[in-house]
Structure formats: structure tokens, C-alpha cells
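First comes the structure, then the notes that go with it.
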Amino acid sequence: MKKWLCAAGLGLALAASASVQAADKIAVVNVASIFQQLPQRETVAKQLENEFKGRASELQKMESDLQTKMQKLQRDGSTMKASDRSKSENDLMAQREQFSNKAQAFEQDNRRRQMEERNKILSRIQDAIKSVASKDGYDIVIDANAVAYVGNAKDITADVLKQVK
């Protein structure tokens, strides 16, 4: 009898918990869509392009110079003295390594800055989601890209987009 009473109590507790969970207001938001529609995204992209323009042009100049020297060595290498050709090859290898190191540092810095700016924008979107959710009384907000199917949930993407702009 005790086991039956415990099982009945546990069943009631689970049923009560399920009904409480069903009472939660759920909304859906498409964060990727908001991110793509923000005008700040284009402004940040232009800002980053200007920030890295000098280094990019320096790398292009280095690459062009390196290609010119490689073509000259290929063209004139067979008529050069062995010592001169060896010196030119060593210089080219050193210049190629320097170019490679600078290009890699450029890519890392560029990627890091893009992530910083992207995270700033996503933080603003997250704040707007919290604001809209608390104003409209939503208990749970789920990213639309993380859900396979949504039945009764309200899509608050447009409201969040207005808030962020």
C-alpha cells in the first residue's frame, strides 16, 4: 500500500510539474536574420576594412614584389653564377617567409577584430531579446535556427529588430 501511495504521489507531482511547464510563455526569435538586417553590420564592415586597408595594401605590394623576383630568378637563373643564384634563392625564401608571417598575423588580427565587433552586435541583440521578452512576459525565448518545429510560439524577430535599430 505504501508503494502504491508513493507512486500516486510521484505521479501527481509529475503531472503538476508538467502543467506548470505548459503554462510558460514561449517565443521564437531568428537571431541570424536580425544580424543580417542590421545597418550597423555594414558600418562595422567598412570600419574594419579601413582599419586593415594599410596592412592589406602592404601585403599586396610584398606579394607582387615576391612574384616579380621569382619570375626574374626563373628567367635568369640558368645564366646566373651558382653563387648569385644561391644568394637570390635564399633571399627569396627569406622574403617568402616574412610575407607568410605577416599574412598570417594579418589574418589573425582581422579575424579577432571581426569577432570582437560581431560579439558587440550580438550582445546588443541579446539585450534587445531580453527587453522584448520581459516587456511581453515571455518565460522562454528560443532561437528559430535551433528548433525543428514550433507550433504555438510567437515569433518576436520583428520586435527585437525594431528594438536593436
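Residues that are of a type outside the set (D, E, K, R) and not in a loop (DSSP other than H, G, I, E, B) were ranked within segment 136-148; the one that is farthest from ARG41 (Cα to Cα) is ILE140.
Looking only at residues of segment 80-94 that are among the aliphatic types (A, V, I, L, M) and open to solvent by less than 90 Å² (accessible area, probe 1.4 Å), we find that the one that is nearest to ALA105 (Cα to Cα) is ALA94.
For GLY77, the stated conditions hold: it is within 18 Å of MET93 (Cβ to Cβ) and open to solvent by less than 80 Å² (accessible area, probe 1.4 Å).
Here GLY151 meets each of (1) assigned to a helix (DSSP H, G or I); (2) farther than 18 Å from SER33 by Cβ; (3) not polar (S, T, N, Q) with one exception, condition (1). Pairing each residue of segment 57-85 that is free of Cβ contacts under 8 Å to residues at least 24 places away in the same chain with any residue that is open to solvent by 80 Å² or more (accessible area, probe 1.4 Å) and assigned to a helix (DSSP H, G or I), provided the two are 6+ apart or on different chains, yields C-beta distances under 6 Å for GLY77/ARG85. For segment 17-63, residues that are of a type in the set (D, E, K, R), loosely packed, with under 14 Cβ neighbours inside 10 Å, over 15 Å from the mean Cα position of the chain (by Cα) and modelled with pLDDT under 90 total 1. Does ALA148 fit the bill of being more than 20 Å from the chain's Cα centre (by Cα), of a type outside the set (Lys, Arg) and open to solvent by less than 90 Å² (accessible area, probe 1.4 Å)? No, not satisfied.
Does any residue of segment 69-84 turn out to be more than 30 Å from LYS162 (Cβ to Cβ) and not in a helix (DSSP H, G or I)?
Yes: one or more hits.
For the criterion of being in contact with a Ser or Thr (Cβ under 9 Å, 6 or more places away or on another chain), open to solvent by 40 Å² or more (accessible area, probe 1.4 Å) and not small (Gly, Ala, Ser), GLN163 passes. Restricting ALA105, ALA133 to those that are surrounded by 15 or more Cβ atoms within 10 Å (Cβ to Cβ) and not in a loop (DSSP other than H, G, I, E, B) reduces the list to ALA133.
The values are calculated or read from the model by the stated rules, or taken from the named source; none is laboratory data. Just so it is clear, the model here is predicted, and its values are computed rather than measured. Using ideal geometry, Cβ is built from the backbone for each residue, glycine included, and neighbour counts are taken over all protein chains shown. Please note that ligands, DNA and RNA were not included when accessible areas were found on the heavy atoms of the full protein model with its side chains. Shrake-Rupley method; radii C 1.70, N 1.55, O 1.52, S 1.80 Å.
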